Amino acid sequence: MDRPDWAPEDIDMERPSAARMYDYYLGGSHNFAADRAAAQQVQAVIPDVSVSAQANRTFLRRAVRFLVDSGVRQFLDIGSGIPTLGNVHEIAQQADPASRVVYVDIDPVAVAHSRRILAGNDHATAIRADGRQPDTILGHPEVRALLDFEQPVAIMMVAMLHFVSDDDDPAGMVRALHGAVPSGSYLALSHGTDDARPGDGAIGMAIYRNTANPITLRTRAQVTALFDGFELVPPGVVWVPQWHPDSPDEVGENPERTGVLGGVGRKE
Ligand code: SAM
């Protein structure tokens, strides 16, 4: 298979990745045949998966607007994905051009494309790092150069922590990040769950097991527990369309069909 010019040379194009499958669900073009095949397997079981991805994306945009309105000007977006419409830096810098954003992803395509679109933007960058190693992220020279950890930071982990298994201790990861930011900082998080559709979730997890990023779905109680140390902003952990919707239409009749829970918490 020919390697497109946006694909870094060391990439395995035969192994599906969560970043590129998600790009496919969102109608993007940064994905390979293996990603599309795996994504189509998921779509066969969960036909709403593209709608879920869109709903997750609109949650992310509303959360960033909320954070900007709450006075936050620094964003550490871990598991940021392949850039698409309405990226964090676009929303935050539209509100205040001085807003600073660091994108972090484990996927080389996500990082390469992010760096390409951020060329010339002195207030935003993207680094390749593994979110399971928060100390590496917190000590990274580009992170230290751009973010001031004496000032509030919004930690974003949107549709990311379900790629961290229980063995890799997602709560410990959040704890390390919580410890590094001052009060007035926030955590914005969304997470896949099979609370509403247990059977489909098990099949979806089985498909992701063969990708670079196996999934661990969690219950609402488990997702809520990940906010330990942060005070949940009302309405708490809800289906993503229910979190600060711009209109009742945005919620729809069956928000649980997204299979994605989200919330925002503040470090007091
Ligand atoms: N946050 C974006 C959003 O919500 O639109 C992208 C979400 S996408 C479903 C999940 C992203 O998490 C992918 O880009 C994937 O590469 C990234 N990811 C998965 N495991 C990761 C890890 N251990 N460290 C950093 N990024 C990771």
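Read-outs: derived from the displayed coordinates by stated rules, not from any lab. Keep in mind it's a predicted model, so treat the numbers as computed, not measured. Methodologically, a virtual Cβ is constructed for each residue, glycine included, from the backbone with ideal geometry; neighbour enumeration extends over all protein chains shown.
Values of log10 I(q)/I(0) for the stretch 1-56 across q = 0.13, 0.23, 0.24 Å⁻¹ run -0.32, -0.86, -0.91, by the Debye formula with one identical scatterer at each alpha carbon and no solvent.
Between Ala159 and Ser190, His191, the built amide H atoms are under 5 Å apart, and every one of these is 5 or more places off in sequence or on another chain. Between amide H atoms placed 1.01 Å from N, distances below 5 Å from Gln74 occur with Arg100, Ala154, all of them 5 or more places distant or on a separate chain. Principal axis extents of the Cα atoms in the chain, from largest to smallest and rounded to whole angstrom, are 46, 42, 37. Report the normalised scattering of the stretch 189-265 as log10 I(q)/I(0) at q = 0.13, 0.14 Å⁻¹, calculated by the Debye formula with identical scatterers on the alpha carbons. Treating every Cα as an identical point scatterer, log10 I(q)/I(0) equals -0.43, -0.49.
Under a 5 Å amide H cut-off, with hydrogens placed 1.01 Å from N, Ala129 pairs with Asp105, Ile106 among residues at least 5 apart or on other chains. Net charge dipole, the chain: roughly 160 debye, given to the nearest 20, about the Cα centre with Cβ charges of +1 for Lys and Arg and -1 for Asp and Glu. Phi angles across the stretch 206-220 convert, under the Karplus curve 6.51 cos²θ - 1.76 cosθ + 1.60 with θ = phi - 60°, into 3J(HN,Hα) values of 5, 5, 5, 4, 8, 10, 6, 9, x, 10, 10, 6, 10, 7, 4 Hz, Gly and Pro given as x. Sites listed here are trypsin sites (Lys or Arg not before Pro) in the stretch 153-245 whose DSSP assignment is loop and whose Cβ has at most 13 other Cβ atoms within 10 Å: Arg209. Overall, the ratio between the Cα radius of gyration of the stretch 1-152 and 2.2 N^0.38 Å, rounded to two decimals, is 1.08.
Other residues with beta-carbon under 13 Å from the beta-carbon of His123 carry, at +1 per Lys or Arg and -1 per Asp or Glu, a net charge of -3. Taking every DSSP helix (H) stretch of at least 4 residues in the chain, weighting each as -39,500 (n - 2.57) and dividing the sum by the residue count yields a mean residue ellipticity at 222 nm of -11000 deg cm²/dmol. For the pair Ile117 and Ala44 in one chain, pulling the backbone fully straight at 0.36 nm per residue adds 23.0 nm over the alpha carbon distance.
Computed over the stretch 120-251, the range of Cα coordinates on each principal axis works out to 46, 38, 33 Å, biggest value leading. Estimated at 0.36 nm per residue, the fully extended path between Arg61 and Ala33 surpasses their Cα-Cα distance by 7.2 nm.
Extension gain for Ile11 to Leu85 (0.36 nm times residue separation, less C-alpha to C-alpha distance): 24.2 nm.
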